[in-house]
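Quick one: this structure, given as structure tokens, is what I'll be asking you about.
Just so you know, all these numbers are worked out from the coordinates, no wet-lab data involved. Values in this document were obtained by computation on a predicted structure and should not be read as measured data. All Cβ positions, glycine included, derive from the backbone under ideal geometry; neighbour counts span all protein chains shown.
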Amino acid sequence: MKHTILYTLGVLLFLSIQYSCSSDVSAVIDNPTDADLTVILDGKTNITIPANSSKNHIFTPGDHKMKVESTGAEYNFGLGSNMSGAILNPTKSGYIVMETSYAASDIYQKAAEAAMKKGNIYLSALGMSIDGPYSKDSTFVIPRYWDYGVDENFPEQISISADASYSIQSKVYREADFMKELFGALFSNPELMPEGDDAGGETTK
């Protein structure tokens, strides 16, 4: 996927970030299902996440516990103060991280594509594996290593320093959202339909 880069020339912006004394950790509790989901944090805080949505919650670093009200499933987990964020996945659903390249011109596009990670993931809706710049995870705590979250889109353009020729960016998808995007791309470009691997299997980050 090719995008356009807007160059930022001669200007360096320094952002001043305020940290709380406790170095709290921001995590997204996600619910990719079609029903509302209520969880109980540390035995005292009830949070309801509407269907197909998420809620951000601020945690103190350390050990925590989450119970899913509807199923009784319980998860003990830890969050470190050095984490840049995470998805908490009480439904143990699949999440897919996809990379895309932003190249200054066609000259750099091949180099940008070569720099993207290579992965193989199994998609149950297709009944087969696909290769590409993807990774898949269904663990309870998924530490953030992507640029754009489940409810954000890849931008059409980005800004980088003038001495860079390309940039690799990544986005995390709920598996169902990834499938919608994949089917949309295949409908528009049927020649991109991947060849299946009936043996299946998946890799995770």
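What is the order of Phe183, Phe154, Phe178, fewest Cβ neighbours within 10 Å to most?
Numbers: Phe183 12, Phe154 15, Phe178 23.
Fewest to most other Cβ atoms nearby, the residues stand as Phe183, Phe154, Phe178.
Take the Cβ-Cβ distance between Ser53 and Leu126 as r, set R0 to 22 Å, and report the resulting FRET efficiency rounded to the nearest 0.05.
0.30
Could you give the length gained on full extension between Asn76 and Ser105, defined as 0.36 nm per residue of separation minus the Cα-Cα distance, in nm?
5.7 nm
Rank the residues Leu41, Leu123 as a footprinting-exposure proxy: fewest other Cβ atoms within 10 Å of their Cβ go first.
The order, fewest Cβ neighbours first, is Leu41, Leu123.
Would you kindly state how much longer the chain becomes between Val68 and Phe154 on full extension, computed as 0.36 nm times their sequence separation minus their alpha carbon distance, in nm to one decimal?
Here the answer is 27.8 nm.
Moving to a separate point now. Along Cα→Cβ, 7 Å out, is where each label goes; now give me the distance between the ones at Ser93 and Asp24 in nm to one decimal.
So the label points at Ser93 and Asp24 sit 2.6 nm apart.
Let me ask you something else. Using a basic spin-label model with each label point 7 Å from the Cα along Cα→Cβ, how many nm lie between Thr139 and Asp163?
Each label point lies 7 Å from its Cα, and together they span 3.6 nm.
For the cross-link pairs Lys65/Lys171; Lys44/Lys171; Lys44/Lys180; Lys55/Lys136; Lys92/Lys171; Lys92/Lys117, which exceed 30 Å when the distance is taken from alpha carbon to alpha carbon?
Correct reply: Lys44/Lys171; Lys44/Lys180.
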